[in-house]
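The values are calculated or read from the model by the stated rules, or taken from the named source; none is laboratory data. This one's a predicted model, so the numbers in the text were calculated from it and none came from an experiment. With ideal geometry, Cβ positions are generated from the backbone for all residues, glycine too; neighbour counts draw on all protein chains shown.
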Amino acid sequence: MRYIAVVLLVLIVLPVFSQDGEENADAQTERTIEELYLSQDLELQIMRSQALANDREMKRLAMQNIRSMVENGQPSEGVYVILESLATEGVARQVRSNGAVINNFPEIRREATELLGRVGGEQAKNTLLRIVRDDPEPMVLSEAAYALGQIGLNENNEVSDYLVQTLMRENSSPTPDNNLAFSIIISLERLSAQNGGLADPEALGALLETASSPYIRTVRRRAVEAIVNMREHG
């Protein structure tokens, strides 16, 4: 009972504000997660309070509960809202103290991004595309790219176009990220297999460029394999 009382007290205090009393947040995302106040599900409200806390360990507790629900095939709409918030925490929603962002935990975003790929669906796909567009951390981008291939949706080449442009940008970098490139290669190959090939010729061009770019041998070899496999899909 003491634990429940503490949690309910946290719920009254939230939403989370920075120490100087200012909150810088994406308005649409914040309105969505605030709607969980209306939920009668105490477990959802507890996870919401954990997700919005500035403490890393509280967010980890929320992630543990969400992972358990996903693995048991029980993610509700409310759970998805919390997961989306965690996947963009510190980027779409920033809490600042003395000018510094105090809720930026890339490893939490990476784990939440991985779970979005397992949840799947159109909504998860759209969130992952925003992550590929906005997140500055290569490890989060790598996970998002991989998750997009896992979901497999690619209407009008929307997803493959994002991934190809990201790969081309990485190829031109003086220090390209091997993990990001590898994740994109796998996802492009998966999207090709699940959608009867990729109509965009830039995809093969980007992979050819990757095969001759300054990546480690494993990445360059994987790009060549993907080209061969994708030609078979087409």
- Query: Checking Ser213 against (1) surrounded by 15 or more Cβ atoms within 10 Å (Cβ to Cβ); (2) over 25 Å from the mean Cα position of the chain (by Cα); (3) modelled with pLDDT of 95 or more; (4) not in a loop (DSSP other than H, G, I, E, B), which test does it fail?
  - Reply: (4)
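Filter segment 151-169 down to the residues that are among the acidic types (Asp, Glu) and closer than 19 Å to Gly121 by Cβ, then identify the one that is nearest to the chain's Cα centre (by Cα).
Residue satisfying both the conditions and the ranking: Glu158.
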- Message: Can you say whether Ala206 is hydrophobic (A, V, I, L, M, F, W, C), over 19 Å from Met139 (Cβ atoms) and either surrounded by 22 or more Cβ atoms within 10 Å (Cβ to Cβ) or in contact with a strand residue (DSSP E or B) (Cβ under 7 Å, 6 or more places away or on another chain) (or both), as far as the supplied structure shows?
- Response: yes
- With respect to Leu163, is the statement that it is closer than 17 Å to Pro106 by Cα, buried (at least 24 other Cβ atoms within 10 Å of the Cβ), without any contact (Cβ under 8 Å) to a residue 60 or more places away in the chain and aliphatic (A, V, I, L, M) true? no
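Each row is one residue, and each column tells you yes or no for (1) farther than 19 Å from Arg133 by Cα; (2) of a type in the set (Val, Ile, Thr); (3) assigned to a helix (DSSP H, G or I); (4) out of contact with any Leu (no Cβ under 7 Å at 6 or more places or on another chain).
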residue	(1), (2), (3), (4)
Ala181	no, no, yes, no
Arg190	yes, no, yes, yes
Ala199	yes, no, no, yes
Ala203	no, no, yes, no
Leu208	yes, no, yes, yes
- Note on the structure: Checked segment 46-68 for anything within 14 Å of Glu111 (Cα to Cα) and touching a Pro at 6+ places or on another chain (Cβ under 8 Å); matches are Ile66
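In this structure, is Arg231 basic (Lys, Arg), part of a helix (DSSP H, G or I) and in the same structural domain as Val81 (by TED's automatic domain parsing)?
Judged against the criteria, Arg231 is not a match.
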- Query: What is the residue count in segment 39-83 for residues that are within 16 Å of Arg93 (Cβ to Cβ) and among the basic types (Lys, Arg)?
  - Reply: 3
- How many of the residues in segment 46-105 are in a helix (DSSP H, G or I) and either surrounded by fewer than 19 Cβ atoms within 10 Å (Cβ to Cβ) or not polar (S, T, N, Q) (or both)? 31
- Note on the structure: Residue set Gly90, Gly117; condition of a type outside the set (Asp, Glu), touching a strand residue (DSSP E or B) at 6+ places or on another chain (Cβ under 9 Å) and under 26 Å from Leu180 (Cα atoms); output residue Gly90
